[in-house]
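Working notes for the structure below.
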Amino acid sequence: MELLRVDAREPDPIVIGRAADELKRGGLVAFPTETVYGLGVNALDERAVERLYRVKRRPAVNPLIVHVADVPAARALVTRWPDAAERLANAFWPGPVTLVLPKRAHVPDLVTAGLPAVGVRVPAHPVALALLRACALPIAAPSANRSTELSPTRAEHVVKSLGDEIEMVLDAGATDVGIESAVIDLTGARPRLLRPGALDPRRIAEVAGELEFTRHDPDADAPRVSPGMMERHYAPRARLVVVGHRLGELARAHELAALVRARGGRVARLDFGGLRVEVDVARSFAAQDAEGVARVLYDTLHAFDEAQVALILVEAPPEGTEWLGVRDRLSRAAASE
Ligand code: TXA
Ligand code: MG
């Protein structure tokens, strides 16, 4: 595996050219986007896509997001481009919003996990955009971690998780948004939010019209809203518990922490200033707005994993639509297998 440093604002065209050549050869190249690092392959190369699933240990039912440089490249992959797509693309691209639309025949079924629709997005990162332009290919890229692990926000995370099995990692430092893009299904009568991102869904609704959103209920028998929206996902190695502000929850957190520590385990705490359980490693969110918290969330959880803690207590984020993405990732990380 080659680890190549590249400037986040002005990527060296020679480095980008080498990564583009690797993609054209069918290689696996991890690269930064504004959300998290992606593990890219040529979306039209079925053998490369197949290898990508294997390396990630990703279930074949979980479709991939295809990254493109601009709107025309996105439209070349889909058979319909409704008004809502045009408005969302104008408002948010390049940016952390993925649009799901009926796919054209040349998009391999493997990319969409057999679904008739494909997820597309234009990422807002100079390195990702330079790479897309240099290879002139659609790049299928899931987050560059093994399936169900935390997504990487730094090249080091990628190297640790997948370094032995991929060709190249472009290292441009920490990503900015910090959690994955919002995924919006535009194949139905109304836009449906399949996965919230860091963007307040109210801002998406202002552009796309009223949004449907049904978070998958792990106890319900109903089919999952999006294939691959597995309940346990985006998870650190440690057990993670979100602690609400009710007395019962606080008491349980104290008990859990004491129990784990009595057995010699290390406990970490991540809080907004309102969770005072005694722990071994404590971090408070510096920024208290949803975007600021999303930016550092995975990075902090990765650091706790590095510190080999057994239990992570996270103070529940505030209510409010802007927190939907952070709450979603926390509850997935907390879900038991
Ligand atoms: O921010 C992001 O979206 C990052 C960066 C690398 O772009 N990518 C990412 O990919 O998070 P991944 O594979 O980890 O998550 C893709 C999500 C999955 O939840 C998948 O189910 C959904 O997007 N998705 C992709 N294509 C879909 C489709 N055709 N229909 C429904 N859901 C789809
Ligand atoms: Mg992922």
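Remarks
- Taking packing as the residue-averaged number of other Cβ atoms within 10 angstrom, the listed peptides 276-282, 30-36, 73-79 run from highest to lowest as 30-36, 73-79, 276-282.
- Reachable lysines, given that their alpha-carbon falls under 18 Å from the alpha-carbon of Lys56 and they are not under 8 places away in the same chain: Lys160
- Per-residue Cβ neighbour rank within 10 angstrom, fewest leading, Trp93, Trp81: Trp81, Trp93
- Label-zone membership for region 307-321, site Arg261, 7 angstrom Cα→C-beta point, backbone N under 14 Å: 310-313
- Approximating the spin labels as points 7 Å out from Cα along Cα→Cβ, the Ala286-to-Arg246 distance works out to 3.5 nm.
- Angle of helix 290-306 to the longest C-alpha principal axis of the chain, folded into 0 to 90 degrees and rounded to 10: 70°.
- Principal-axis tilt of helix 324-334 within the chain, Cα atoms, nearest 10 degrees: 70
- Glu278-Lys160 FRET efficiency (beta carbon distance; Förster radius 30 Å; 0.05 resolution): 0.50
- Going from the residue with the fewest nearby Cβ atoms within 10 Å to the one with the most, Ser331, Ser143, Ser284 rank Ser284, Ser331, Ser143.
- Put simply, the amide H of Ala113, placed in the peptide plane, has neighbours under 5 Å in Leu64, leaving out anything fewer than 5 places away on its chain.
- Protection proxy ranking of 236-243, 38-45 - average other beta-carbon atoms within 10 Å, highest first: 38-45, 236-243
- Taking Cα atoms only, the orientation of helix 83-92 departs from the longest principal axis of the chain by about 60 degrees.
- Gly244 long-range amide H proximity, modeled H, under 5 Å: Ala316
- Nonlocal amide H pairs with Glu212, under 5 Å, H built at 1.01 Å: Arg192, Leu193
Read-outs: derived from the displayed coordinates by stated rules, not from any lab. Predicted, not measured: the structure shown is a model, and the values here were computed from it. Methodologically, a virtual Cβ is constructed for each residue, glycine included, from the backbone with ideal geometry; neighbour enumeration extends over all protein chains shown.
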